[in-house]
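The values are calculated or read from the model by the stated rules, or taken from the named source; none is laboratory data. Computed from a predicted model, the values in this text were never measured in an experiment. With ideal geometry, Cβ positions are generated from the backbone for all residues, glycine too; neighbour counts draw on all protein chains shown.
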């Protein structure tokens, strides 16, 4: 079970973290007259409707010059045409130089279809916008067709909490294959913070089977040994139920702890 937790955490990190190394370059048309050329890769290379799409803005700067202020940036969409408008540039015209750092713009999730993306800049010394990338095409495929039964229609990734119990919460990771890892932070009998994890399997599109509730423990201190096969103990069972999720973004965690009674908590997605 410990090995499964580690493997799932590794796979979830692969799905969730935008890594610059995985950016795939689009076939872009860069304006030859642009004073500040920018390449426009996206991650992942071949996005599906399940993926959070990130655009990497690769700056080109010269010594002594200050690049674009790209935060805040603006994103707009008309039909399937996406436009990213950068902030103004502090300095005047700069010559083309070696690529510099990569800044990220978040497009979010998109439905299946063919799209184009344009990147505009607004230099403070040039009237109007400069087109750095003009209608670069990319395609989002339908991730739902890869789903297997039971068909899980919704994405439950995120932080969930019980508004009636401040300091209690639940992290849920769900990958594209509907594998789930739930990390539950609560309090022990002595009032100290306590973490439990469980990996339930879906039995329907809205509810999971019971799974072992694991609790990890190690001695405190910098010389504490790394986790091993005996550091995780089964302390109960837990499952998730999102039958009421659609109208209210609410769900339930049903659990039995240390042989006690079966308890149910109503949870809500914590929104930014």
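Just a few scattered comments:
- Within the range 198-230, the set of residues being in contact with a helix residue (DSSP H, G or I) (Cβ under 8 Å, 6 or more places away or on another chain) and modelled with pLDDT of 95 or more comprises 199 only.
- Residues being within 22 Å of the chain's Cα centre (by Cα) and farther than 17 Å from residue 242 by Cα - total across the range 184-194: 1
- Among residues of the range 245-272 being in a strand (DSSP E or B) and touching a residue at least 60 places away in the same chain (Cβ under 8 Å), the one that is nearest to the chain's Cα centre (by Cα) is 269.
- Selection count where residues are touching a helix residue (DSSP H, G or I) at 6+ places or on another chain (Cβ under 9 Å) and either modelled with pLDDT of 75 or more or exposed (fewer than 12 other Cβ atoms within 10 Å of the Cβ) (or both), scope the range 231-272: 4
- Elements of type strands (runs of 3 or more DSSP E) contained in the range 92-160, each with 3 or more residues being surrounded by 13 or more Cβ atoms within 10 Å (Cβ to Cβ), modelled with pLDDT under 80 and not assigned by TED's automatic domain parsing to the domain that holds residue 209: 99-108, 130-140
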